[in-house]
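To keep things clear, I will list the structure first and then write my remarks on it.
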Amino acid sequence: MRLARAVLLAFAALLLAACGPSAPKLPRLDSGAVVLAFGDSLTFGTGAAPQQAYPAALARLISRKVIGAGVPGETSEEGLQRLPGVLADVKPQLLILCHGGNDFLRKTGEEAAARNVREMIRLAQAQGVAVMLVATPKLGFGTSKVKFYEEIGKELAIPVENEVLADVLGSRSLKSDLVHPNAEGYTVIAEAVAKMLRKAGAL
């Protein structure tokens with residue numbers, strides 16, 4: 001009886017796990033798909049050569065065309081204004097969004113950054129573009145994660161890479177200055193993004 005009860009409990013646990021919330025998925029990227037990496041200096045690749053920026057490194061890892069559209073110093077409000085034109089020009093299948101860092105550096109508050117990031121995602125989704133979010137941490141004495149990225153990910157059902165930038169920007173050996181990665185740091189970011197894309201089913 002005890003064995004039968006244990007088996008039943010284990011089976012019930014498996015059923016509950018199967019019915020639980022699943023991780024957000026992405027459509028599989030076609031071999032000829034265009035990926036748009038959109039953001040600020042972290043996407044531009046400040047601190048490394050252009051071919052060492054994370055979008056270039058990601059393109060090599062996933063064998064897809066990755067367009068790097070990062071503007072150093074750009075705030076999320078400015079990114080929201082710029083994004084429609086970039087989407088129209090690039091026509092990507094997937095948007096990798098990494099924004100908010102300059103809002104935090106300028107201490108303009110998280111609410112506006114969250115609102116702008118959310119609107120950028122909705123703008124892309126309304127055009128049939130899949131979205132993945134890369135969370136930017138706050139910098140100070142070390143790095144601290146910002147909660148709204150994961151909250152937006154759950155709300156809009158998109159995958160969020162919430163670890164790699166905090167890890168890279170918290171490591172002296174992976175930075176070119178206080179707020180930017182070096183070539184090795186950008187490679188680590190690209191590897192983490194590629195791993196998330198595989199986990200989400202895009203690759």
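Where a number appears in this text, it was derived from the coordinates with a stated rule and is not lab data. Computed from a predicted model, the values in this text were never measured in an experiment. Heads up, the Cβs are rebuilt from the backbone with ideal geometry, glycines too, and the neighbour counts pull from every protein chain shown.
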Among 187, 47, 202, the residue whose Cα sits farthest towards the positive end of the charge dipole of the chain (+1 at Cβ of Lys and Arg, -1 at Cβ of Asp and Glu, taken about the Cα centre) is 202
Residues with amide H under 5 Å from that of residue 180, placed H, sequence gap 5 or more | none
Amide H partners (placed H, <5 Å) of residue 131, local residues excluded = 95
Select from 158, 73, 120 the residue farthest towards the positive end of the dipole of the stretch 2-199; place +1 on Cβ of Lys and Arg, -1 on Cβ of Asp and Glu, and compute about the Cα centre.
-> 158
Just subtract the alpha-carbon distance of residue 127 and residue 179 from 0.36 nm times their residue separation and send over the number in nm, one decimal.
-> 15.4 nm
If you place +1 on the Cβ of every Lys and Arg and -1 on the Cβ of every Asp and Glu, how big does the dipole about the Cα centre of the stretch 2-199 come out, in debye to the nearest 20?
-> 760
Exactly which chymotrypsin sites (Phe, Trp or Tyr not before Pro) in the stretch 75-164 are in a DSSP loop and have at most 15 other Cβ atoms within 10 Å?
-> 141
Could you give the size of the charge dipole of the stretch 112-155 about its Cα centre, using +1 on the Cβ of each K and R and -1 on the Cβ of each D and E, expressed in debye and rounded to the nearest 20?
-> 100
Gyration tensor (alpha-carbon) shape descriptor, the stretch 49-203, a/c threshold 1.5 | rounded
Counted neighbours (other Cβ, 10 Å), sorted fewest up, put 46, 108, 136, 187 in the order 108, 46, 187, 136
Please give the net charge around residue 26, taking every other residue with its beta carbon less than 15 angstrom from that of residue 26, where Lys and Arg add +1 and Asp and Glu add -1.
-> +4
Neighbourhood net charge (12 Å Cβ-Cβ; Lys/Arg +1, Asp/Glu -1) for residue 162 | -2
Just rank 67, 121, fewest to most, by other beta-carbon atoms within 10 angstrom.
-> 67, 121
